[in-house]
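Participant: My structure is below; once you've seen it, I'll send some questions.
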Amino acid sequence: MHIGLLLYPRLTQLDLTGPFEVFARMEGARVHLVWKTLEPVTCDRGLALLPTTRFAECPQLDVVCVPGGPGQIELMEDDETLDFLRRQAKGARWVTSVCTGSLVLGAAGLLQGYRAACHWASRDQLALLGATPVAERVVIDRDRVTGGGVTAGIDFALQLVADMAGRDQAEAIQLSIEYDPAPPFQAGAPERIDPAALERIRLRMTPLMERRLSATRRAAARLR
């Protein structure tokens, strides 16, 4: 079972490392961190990670996964990356994403006519790329599996392991990483946080969201 996670500059590392931790514990799985080169890649908060496989040498993947993060904006117009995803999607059993990685799949034309999840602040942009936005942690539509924002990547990976290898193995992995969330605050979704705090967060995110929306609109135009 070959599982490939796209590792690119300025991604949000937990979008990648959460699913990686789960997939790497699945029996018979070989997990690849895939990028154009094998040089270290720096995530959006400064953590450096090493790719293990280049596009050119990557085997046909059973699962291809695109994490999200600010660097996703540039990927939406990166023909080399989009072409790689299109090629892999033709033979993959599952085409997947975490957080705003679904926008990259959308830019590659791989979510047209599919239901999909995304980070809450960017979810509505999926509609511009021909997908149906869904406000859920994990969305499965045929061979497309998309996770919501950041931490949803762990949920997404556990669900996919259950589908590929059975619930017993997924539950064993969940216990082995002691994934038993009990957050100290009920602020993990926009509908549960104080409205004034939500507005402050939205204002801080405005520059990034404007850049992302512009990139999504350009990607939508290219698809047309």
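The numbers here are math on the coordinates, done by the rules we state, and not lab data. Computed from a predicted model, the values in this text were never measured in an experiment. With ideal geometry, Cβ positions are generated from the backbone for all residues, glycine too; neighbour counts draw on all protein chains shown.
Participant: How about segment 1-86: which trypsin sites (Lys or Arg not before Pro) there are in a DSSP loop, with at most 14 other Cβ atoms within 10 Å of their Cβ?
Facilitator: Listed in order of number, the matching sites are R45.
Participant: When you count, for each residue, the other Cβ atoms within 10 Å and take the mean per peptide, how do 126-138, 212-224 rank with the highest first?
Facilitator: Highest to lowest by the protection proxy: 126-138, 212-224.
Participant: What's the exposure ranking of F55, F156, going from fewest to most Cβ atoms within 10 Å?
Facilitator: Sorted ascending by nearby Cβ count, the order is F55, F156.
Participant: Under 15 Å from a point 7 Å along the Cα-to-Cβ line of R218: which residues of segment 58-94 have their amide N that close?
Facilitator: From segment 58-94, the list is 71-82.
Participant: Using unit Cβ charges (K, R positive; D, E negative) and no other charged atoms, how large, in debye to the nearest 20, is the dipole of the chain about its Cα centre?
Facilitator: 700
Participant: How about segment 7-108: which GluC sites (Glu not before Pro) there lie in a loop by DSSP and see at most 15 other Cβ atoms within 10 Å?
Facilitator: E27, E77
Participant: Here's another thing I want to ask about it. List the residue ranges in the chain for DSSP H helices whose C-alpha atoms run 18 angstrom or more along the long axis and whose Kyte-Doolittle average is 0.5 or above.
Facilitator: 152-165
Participant: Which shape class applies to the chain: rounded if a/c is under 1.5, otherwise prolate when a/b exceeds b/c and oblate if not, where a ≥ b ≥ c are the square roots of the Cα gyration tensor eigenvalues?
Facilitator: Note, shape of the chain comes out rounded.
Participant: Moving to a separate point now. For the pair I193/E80, report the inter-label distance in nm, with labels modelled 7 Å from Cα in the Cβ direction.
Facilitator: Here the modelled spin labels are 3.6 nm apart.
Participant: Counting only C-alpha contacts under 8 Å and six or more residues apart, can you give the relative contact order of the chain as a whole percent?
Facilitator: This gives 18 percent for the chain.
Participant: Additional query: With label points built 7 Å along Cα→Cβ from the Cα atoms of D124 and R167, find their separation and express it in nm.
Facilitator: Taking the simple label geometry, D124 and R167 are separated by 3.8 nm.
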